[in-house]
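The values are calculated or read from the model by the stated rules, or taken from the named source; none is laboratory data. Because the structure is predicted, anything quoted here is derived from the model rather than measured. Here Cβ is always computed from backbone atoms with ideal geometry, including for glycine, and neighbour counts include all displayed protein chains. When the accessible area is computed, the model is the full protein with side chains, heavy atoms only, and any ligands, DNA or RNA have been set aside. Shrake-Rupley method; radii C 1.70, N 1.55, O 1.52, S 1.80 Å.
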Amino acid sequence: MAGKRVIAICQSGGEFDTDRDGFLSYKGGDAHAMEVDGKLDYNDFKMEVAEMFNCSLATMSVKYFLPGNRKTLITISNDKDLKRMIKFHGDSDTAEIYVMTEEAVDPDFSNMPGSRSSRTTLSEMAVPVEAPLSVVEDIMDDPNESGLLLDANFDVVGDTNNVDDTITIGAELPVPISFAAANYDEKNAKAAQQWQNDITGVGQRFNSVHEFRETLRKYAIANQFAFKYKKNDSHRVTVKCKAEGCPWRIHASRLSTTQLICIKKMNPTHTCEGAVVTNGYQATRSWVASIIKEKLKVFPNYKPKDIVNDIQKEYGIQLNYFQAWRGKEIAKEQLQGSYKEAYSQLPFFCEKVMETNPGSLATFTTKDDSSFHRLFVSFHASLYGFEQGCRPLLFLDSIFLKSKYQGTLLAATAADGNDGVFPVAFAIVDSESDDNWHWFLLQLRTALSMCRGITFVADREKGLRESIAEIFQGEDVFHGYCLRYLSEQLIRDVRGQFSHEVKRLLVEDFYGAAYAPKPEGFQRCVESIRSISLDAYHWVMQSEPISWANAFFRGMRYNHMTSNFGELFYGWVSDAHDLPITQMVDAIRGKIMELIYTRRTESNQWVTRLTPFMEEKLEKESLRFSSLHVLMPNGTKFEVQGDTIEVVDMDNCDCSCRDWGLTGLPCCHAIAVMGCLGRDPYDYCARYFTADSYRSTYSESIHPIPSLEKPKRKDASQAAVTVTPPPTRRPPGRPTTKKVGSHEVTKRQLQCSRCKGTGHNKSTCKEVLLES
């Protein structure tokens, strides 16, 4: 069931027609397509459908026809119903879904959410929303300042020269949010009580028109009435109660020679029945932003659906998903700053990084149209720590950024002496491509003072194999292919219909072949693969085992076989990916700075010669040598007898079991020989595992970047480089979840039920055609 996928063609806004035989046909409306499978949760499915058609979850129902039955509509109301629908359409690639909205039960009021695409609330179906033309002109310059939301769809009514004439505005009006007065109980009103006396009367002053509008909006919500603008521009605002015949009115305008706005006239009397009669309230995305901003500061992952629920509970106002999402976007920009401005700050940001952290490298490039292309950052403390204390081993991987402008973060991480993640360098690029990886490695080569002997653990695709060989030519570097990427590619490329258990055995044997220290062990594992699939065996033998199998690899990976070693670092990136680019980099800088300080402080308390993790590994090896017997020759090579017979070469720090050379720590056979010779095993451990090397890794600090104020240029020749956001924007809809470095899901191959061949089904089977 989980593997079956159906393309759901979702339709809404049309009508059903019934023919003489009772069959239903659907005409008109809009249609969208989405992919559903057995793993999809019903609530997520319903939420995504609601987003498609901008309708309320509370009033929406989803229906479908059974295959071959066009007379009866079946309702989807829970997870079981959704799974049944997928099962019923098992022989089809598509399923038609019909989205319907139910009418409100009580005709006197509605608790349906206000929609930005609606021209009016339900209670005022025939009444145009009014706003003066001057509002439109003012808002087109600054939509957020006025609190009114506009798009290109509006119709002008009356004489445009008269400021009191009205316009009917389409999708982007100040959204009247409808809700039932009966639902606005004392519990809902508590949160808004603080605003009941925000408007005090004539003479009250405000710092700006925007402040007056926001205060008025809160005052209306707290006192349960709706209003409409008669005049609304940058220096005057006139508002009246929306209820017909109600005398409540307020007029405020700018005090001469100041920016202050003062209430000049006000009639505070309402003759309307307030919440009993009026059920439309002024709520804009800027108002939503002002309500949620403080909570968003504490909970950055505050979800739109939670915003909808919280505002309903606290204020009795029913938002839809898109209003909550847009309000959150405004609040984020108010808290974090503008994405666009962050890109323009990149030149100054890079200067500040290198100014506050001498020895660092921060550089960027733009495209021909000045749009952002890529940014590389490596701090001096990271470069120094890697070169002085870490093993010459770098892991290259990437993570997709789900920010407003998307992009990908490329990273090089190292392993410290305690096998902890140590970030060395990273880059933000517009996409993961061969060219961007080549550029990243060029910058990394420039940043590192010495590259000889480095082993890279990375994918062999994306141009990495060619780029590493070209850029580090003559540096005696090695490229170990990442086993995770190789095993995924093996399963994708091998032909044949294998069960999950067989695939698991293939991957298990493949990893066994990679970890096998000797050629004999490698051969045993690949023969096991051959017994399962000849194609898989040939794939393995042609995949350059010299670049991934321990038995043949010439570099030093210290038994690290996959490139996703830096999961801790990628977790930091995931937490900060939604920030503007300069703030995201600074958030990562802060995490690295904190990591360096914490580990430096901890290591100062250590009293062992090795790091705790390596101390524990050496101790485990020491417990194994007691059962071994050492034969003492005249030379420096010793025979050690146990379950196997191994030869230890003390001069070359090597053992025929190969564990010593693969890990950098003496194996049990070597420790047995050292015991006979009276030598200390600590003297034969790789220097990278000592506590002193670990302290060297974290000896340098990363310094804060104080501010991003643009420096004054002395002359025209020093004009700042212009950087604009990349053209890529986040697509609409919910982002897909992607594991770090993962590839697309393997597509299920067709298998013929007649001849058992793959790549076709029985209806297109050639054997049937030949028989006929």
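Which far-off residues, 5 or more places away or on another chain, put their amide H under 5 Å from the one on Gly480, with H placed in the peptide plane? When sequence neighbours closer than 5 places are left aside, the close amide H contacts are Phe456, Val457, Ala458. Placing R0 at 45 angstrom, the Cβ-Cβ distance between Asp198 and Glu355 gives a FRET efficiency of 0.45 after rounding to 0.05.
The trypsin sites (Lys or Arg not before Pro) of region 364-468 that DSSP puts in a loop, and whose beta carbon has at most 12 other beta carbons within 10 Å, are Arg452. Scoring 673-679, 495-501 by mean Cβ neighbours within 10 Å over their residues and listing the highest first yields 673-679, 495-501. Whole-Hz Karplus values for region 567-576 come out as 4, 4, 5, 5, x, 4, 5, 4, 5, 10 Hz, taken residue by residue from phi with 6.51 cos²θ - 1.76 cosθ + 1.60 and θ = phi - 60°; glycine and proline positions read x. In the complete set of protein chains, residue-level accessible area for Glu211 is approximately 70 Å², probe 1.4 angstrom. One chain, two ends: Arg554 and Lys637. Fully extended at 0.36 nm per residue, the span grows by 27.6 nm beyond their Cα-Cα distance.
Computed from backbone phi, the HN-Hα couplings of region 34-40 come to 8, 9, 10, 9, x, 7, 6 Hz, rounded to whole numbers (Karplus: 6.51 cos²θ - 1.76 cosθ + 1.60, θ = phi - 60°; Gly and Pro given as x). Counting only heavy atoms of the protein chains and using a 1.4 Å probe, Asp306 has close to 60 Å² of accessible surface.
Dipole magnitude for region 245-389: about 660 debye, using +1 per Lys or Arg Cβ and -1 per Asp or Glu Cβ, origin at the Cα centre.
Distance between the pseudo-spin-label points of Arg452 and Arg609 (7 Å out from Cα toward the beta carbon): 2.8 nm.
Across region 411-424, rounded Karplus estimates of 3J(HN,Hα) from the backbone phi angles (6.51 cos²θ - 1.76 cosθ + 1.60, θ = phi - 60°) give 9, 10, 10, 10, 10, 7, x, 9, 6, x, 6, 10, x, 10 Hz, Gly and Pro being marked x. Between region 476-497 and region 546-619, the alpha-carbon centres lie 24 Å apart. For Asn232, the residues 5 or more places off, or on other chains, whose built amide H falls under 5 Å of its own are Val135, Thr238.
Annotation for region 356-411 versus region 300-340: alpha-carbon center distance of 32 Å.
Projecting label points 7 angstrom from Cα along Cα→Cβ for Arg524 and His538 puts them 2.8 nm apart. Accessible area per residue (1.4 Å probe, heavy atoms of protein chains only) ranks Met354, Met85 as Met354, Met85, with the largest value leading. The Cα-based radius of gyration and maximum Cα-Cα distance (Dmax) for region 592-661 are 17.7, 54 Å.
Please give the residues of region 375-393, grouped as numeric ranges, whose backbone N is less than 12 Å from a label point set 7 Å along the Cα-to-Cβ vector of Val721. Inside the label zone: 375-376. By its C-alpha gyration tensor, with a ≥ b ≥ c as the square roots of the eigenvalues, how is region 202-317 shaped: rounded for a/c under 1.5, else prolate for a/b larger than b/c, else oblate? Cα axes put region 202-317 in the oblate bin. Annotation for Lys63 and Arg236: the two label points, set 7 Å from Cα along the Cα-Cβ direction, are 5.4 nm apart. With the cut-off at 19 Å, tell me which of the pairs Lys27/Lys71; Lys4/Lys71; Lys218/Lys313 have Cα atoms farther apart than that. Lys4/Lys71, as the Cα separations exceed 19 Å there. Sparsely packed loop sites in region 6-59 (the trypsin sites (Lys or Arg not before Pro) outside DSSP H, G, I, E and B with at most 15 other Cβ atoms within 10 Å) comprise Arg20, Lys39.
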